[in-house]
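Trainee: One structure follows; several queries about it will come next.
The values are calculated or read from the model by the stated rules, or taken from the named source; none is laboratory data. Here the structure is a predicted model, which means the values were calculated and not measured. Counting neighbours? That spans all protein chains shown, and the Cβs are built from the backbone with ideal geometry, glycine included. Heavy atoms of the whole protein, side chains included, go into the accessibility calculation; ligands, DNA and RNA do not. Shrake-Rupley method; radii C 1.70, N 1.55, O 1.52, S 1.80 Å.
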Amino acid sequence: MRKTKIPLCDLKKQYSRIRHEVDAAVKKVFKDSDFIMGKDVSLLENKVAEFFRVKYAAGVASGTDALVLALIAAGVSPGDEVITTPFTFAATVEAIVRAGGIPIFADIEDDTYNISPDEIEKKITRKTKAILPVHLYGHPAEMSEIRRIARGKKLKIVEDCAQAFGAEYKGRNVGTFGDVGCLSFFPAKNLGASGDGGMIITNSAGVNEKVSILRNHGFRKKNFQIMRGFNSRLDTVHAAVLLVKMKYIRKWIDMRIKNAAYYSKLLSHLPEIEVPKVRRGAKHSFNYYTIRIRKGRKNRDFLEKFLNKKGIACGVYYPRCQHLQKSLAELGYRKGDFPKSEKASAEILTLPIYPEMTGKQIEFVVGEIKKGLKRAD
Ligand SMILES: *Cc1c(COP(=O)(O)O)cnc(C)c1O
């Protein structure tokens, strides 16, 4: 086994470069001891709203909570159907269930791995309340079409931007196409806190007000509940760290894009591999750099193990589609219901990518992929 260790995402390297600023920011929170809804929370909300060019941003305890609260604030109530992709992280679907909704799946597009507008249209019923597109890996979903569908049928759009901070479609930030956008500050996301955190962005005063009440026990005034709420606030310590990182986020996303382009340049001539597609008009923010191994699950699994043995972390996002999760068995979906998603889950492999990754590291990963492919059949 080689000594070289390449993680999927090198948070230690990131910290080493901004350590003094982060340490000072955290110390300041302790000095003020304004741990809950302190100054930095509203400062961060303002900065994020500015970044996305939206009117409101509200910090919450995680990306998952952002989705739950956003769905409720958008008007999803028990029994309402919410259309989403089966090819996503568990939290997307879990949030629909937590909000009382019924997840209805629509298959993906082969090339971007995102929910297909045509498939959405087939799934609309009288009970449909909202569409929940996920900008998977950092590639924007087909928001022009999704908006057209939602407008025609008077449906809400809640965007899962957990993997897509900084992604754009036709010059516009993801998270601003629908009624409400949900961000995650999980440490490994493009903008990561030092623990769990999330944010809800919107141009709707009503949605913002409802979220602000929901995240704080349903209080309008302290100890006076006007609705059933949650304890889901963004901690001041995380907001302080995120405020430091906001200064660098544009640069970091550019560095991710540069690294992705270098990977694709080196990998694109390999017949066994499909590099991530970036659709016309799309800005992919590369939270993940995900390739597809054309020859199917066996070779993908072999390559994953081979790279791991060489000290290269890689991951399968996601190995089991949501419609096939045991937790959702009662929905009655079966293998074969969403062939494109199922095929993708058997063939994709996510390689290490982070802003600080060097050209040499990328060359090393690609070199090992070539060796691995020779050994696979
Ligand atoms: C990370 C993630 C979430 C959940 O975010 P947390 O902050 O971990 O709760 C939701 N959806 C997707 C697609 C994610 O990748």
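Trainee: Open to solvent by 10 Å² or more (accessible area, probe 1.4 Å), modelled with pLDDT of 95 or more and either within 16 Å of the ligand (Cβ to nearest atom) or basic (Lys, Arg) (or both): is that true of ASN231 in this structure?
Mentor: Working: open to solvent by 10 Å² or more (accessible area, probe 1.4 Å): yes; modelled with pLDDT of 95 or more: yes; either within 16 Å of the ligand (Cβ to nearest atom) or basic (Lys, Arg) (or both): yes.
Spelling it out, ASN231 is indeed open to solvent by 10 Å² or more (accessible area, probe 1.4 Å), modelled with pLDDT of 95 or more and either within 16 Å of the ligand (Cβ to nearest atom) or basic (Lys, Arg) (or both).
Trainee: A further question on this structure: Quick one: in the stretch 25-72, which of the residues that are among the acidic types (Asp, Glu) and away from the ligand (no atom under 16 Å from the Cβ) is farthest from VAL180 (Cα to Cα)? Before you say what the answer is, go through the steps one by one.
Mentor: Residues of the stretch 25-72 that are among the acidic types (Asp, Glu), as a first pass: 32, 34, 40, 45, 50, 65.
Then drop every residue that is not away from the ligand (no atom under 16 Å from the Cβ), which leaves 32, 34, 40, 45, 50.
On the way: ASP32: 32, ASP34: 28, ASP40: 22, GLU45: 15, GLU50: 15 Å.
The selected residue is ASP32.
Trainee: I would also like to ask the following. Just to be sure, is ARG256 assigned to a loop (DSSP other than H, G, I, E, B) and touching a Ser or Thr at 6+ places or on another chain (Cβ under 8 Å)? Explain how you work it out, then say what you get.
Mentor: Details: assigned to a loop (DSSP other than H, G, I, E, B): no; touching a Ser or Thr at 6+ places or on another chain (Cβ under 8 Å): yes.
Spelling it out, it is not the case that ARG256 is assigned to a loop (DSSP other than H, G, I, E, B) and touching a Ser or Thr at 6+ places or on another chain (Cβ under 8 Å).
Trainee: Right, next: For the condition touching a residue at least 12 places away in the same chain (Cβ under 8 Å) and either closer than 23 Å to ALA61 by Cβ or away from the ligand (no atom under 15 Å from the Cβ) (or both), what is the one hit in ASN114, ASN173? Don't jump to the end; show me each part of the working.
Mentor: On the way: ASN114 fails: either closer than 23 Å to ALA61 by Cβ or away from the ligand (no atom under 15 Å from the Cβ) (or both).
Going through ASN114, ASN173 in turn, the sole match is ASN173.
Trainee: Mind counting the residues in the stretch 263-300 that are within 15 Å of GLU363 (Cα to Cα) and loosely packed, with under 15 Cβ neighbours inside 10 Å?
Mentor: Looking only at that region, the number is 3.
Trainee: Looking for something within 16 Å of the ligand (Cβ to nearest atom) and open to solvent by 40 Å² or more (accessible area, probe 1.4 Å) - is there at least one such residue anywhere in the stretch 136-143?
Mentor: Narrowing the stretch 136-143 to residues within 16 Å of the ligand (Cβ to nearest atom): 136-141, 143.
Filter once more, so that each one left must be open to solvent by 40 Å² or more (accessible area, probe 1.4 Å): none.
The answer is no, given that none of the residues of the stretch 136-143 is within 16 Å of the ligand (Cβ to nearest atom) and open to solvent by 40 Å² or more (accessible area, probe 1.4 Å).
Trainee: Right, VAL180: within 15 Å of the ligand (Cβ to nearest atom), farther than 18 Å from SER62 by Cα and of a type outside the set (Gly, Ala, Ser) or not?
Mentor: Working: within 15 Å of the ligand (Cβ to nearest atom): yes; farther than 18 Å from SER62 by Cα: no; of a type outside the set (Gly, Ala, Ser): yes.
For VAL180, the condition - within 15 Å of the ligand (Cβ to nearest atom), farther than 18 Å from SER62 by Cα and of a type outside the set (Gly, Ala, Ser) - is not met.
Trainee: Please tell me if ALA150 is in contact with a strand residue (DSSP E or B) (Cβ under 9 Å, 6 or more places away or on another chain), open to solvent by less than 20 Å² (accessible area, probe 1.4 Å), away from the ligand (no atom under 16 Å from the Cβ) and without any contact (Cβ under 8 Å) to a residue 60 or more places away in the chain. Before the answer, list the steps.
Mentor: Details: in contact with a strand residue (DSSP E or B) (Cβ under 9 Å, 6 or more places away or on another chain): yes; open to solvent by less than 20 Å² (accessible area, probe 1.4 Å): yes; away from the ligand (no atom under 16 Å from the Cβ): yes; without any contact (Cβ under 8 Å) to a residue 60 or more places away in the chain: yes.
Yes, satisfied.
Trainee: Taking interchain pairs and intrachain pairs at least six residues apart, which have beta carbon atoms under 9 angstrom, with the first residue in the stretch 269-282 and touching a residue at least 60 places away in the same chain (Cβ under 8 Å) and closer than 11 Å to ARG294 by Cα and the second part of a loop (DSSP other than H, G, I, E, B) and open to solvent by less than 40 Å² (accessible area, probe 1.4 Å)?
Mentor: GLU272/ALA376
Trainee: Give the residues of the stretch 48-95 that are charged (D, E, K, R) and closer than 13 Å to PHE185 by Cβ, sorted by residue number.
Mentor: Keep residues of the stretch 48-95 that are charged (D, E, K, R), which gives 50, 53, 55, 65, 80-81, 94.
Once the filter is applied, which keeps residues that are charged (D, E, K, R) and closer than 13 Å to PHE185 by Cβ, the stretch 48-95 yields only ASP65.
Trainee: Return the only residue of LEU373, LEU307 being of a type in the set (A, V, I, L, M), outside any strand (DSSP E or B) and in contact with a Cys (Cβ under 7 Å, 6 or more places away or on another chain). Talk me through it step by step, then tell me what you get.
Mentor: Values: LEU373 fails: in contact with a Cys (Cβ under 7 Å, 6 or more places away or on another chain).
Of LEU373, LEU307, the one residue that is of a type in the set (A, V, I, L, M), outside any strand (DSSP E or B) and in contact with a Cys (Cβ under 7 Å, 6 or more places away or on another chain) is LEU307.
Trainee: I want to confirm something. Restricting to the stretch 191-223 and keeping residues that are touching a residue at least 40 places away in the same chain (Cβ under 8 Å), open to solvent by less than 10 Å² (accessible area, probe 1.4 Å) and part of a loop (DSSP other than H, G, I, E, B), which single residue is nearest to the ligand (Cβ to nearest atom)?
Mentor: GLY197
Trainee: How many residues are β-branched (Val, Ile, Thr), part of a loop (DSSP other than H, G, I, E, B) and surrounded by 17 or more Cβ atoms within 10 Å (Cβ to Cβ) when one looks only at the stretch 332-370?
Mentor: First pass over the stretch 332-370, keeping only residues β-branched (Val, Ile, Thr): 348, 350, 353, 358, 362, 365-366, 369.
Restricting the remaining residues to those that are part of a loop (DSSP other than H, G, I, E, B) gives 353, 358.
Narrowing the set further to residues that are surrounded by 17 or more Cβ atoms within 10 Å (Cβ to Cβ) leaves 353.
Adding up the residues that qualify gives 1.
Trainee: Looking at PRO133, PRO86, PRO103, can you tell me which residue is within 16 Å of the ligand (Cβ to nearest atom), more than 23 Å from ARG292 (Cβ to Cβ) and crowded, with 19+ Cβ neighbours inside 10 Å? Outline the logic, then answer.
Mentor: Details: PRO133 fails: more than 23 Å from ARG292 (Cβ to Cβ); PRO86 fails: more than 23 Å from ARG292 (Cβ to Cβ).
The unique qualifying residue is PRO103.
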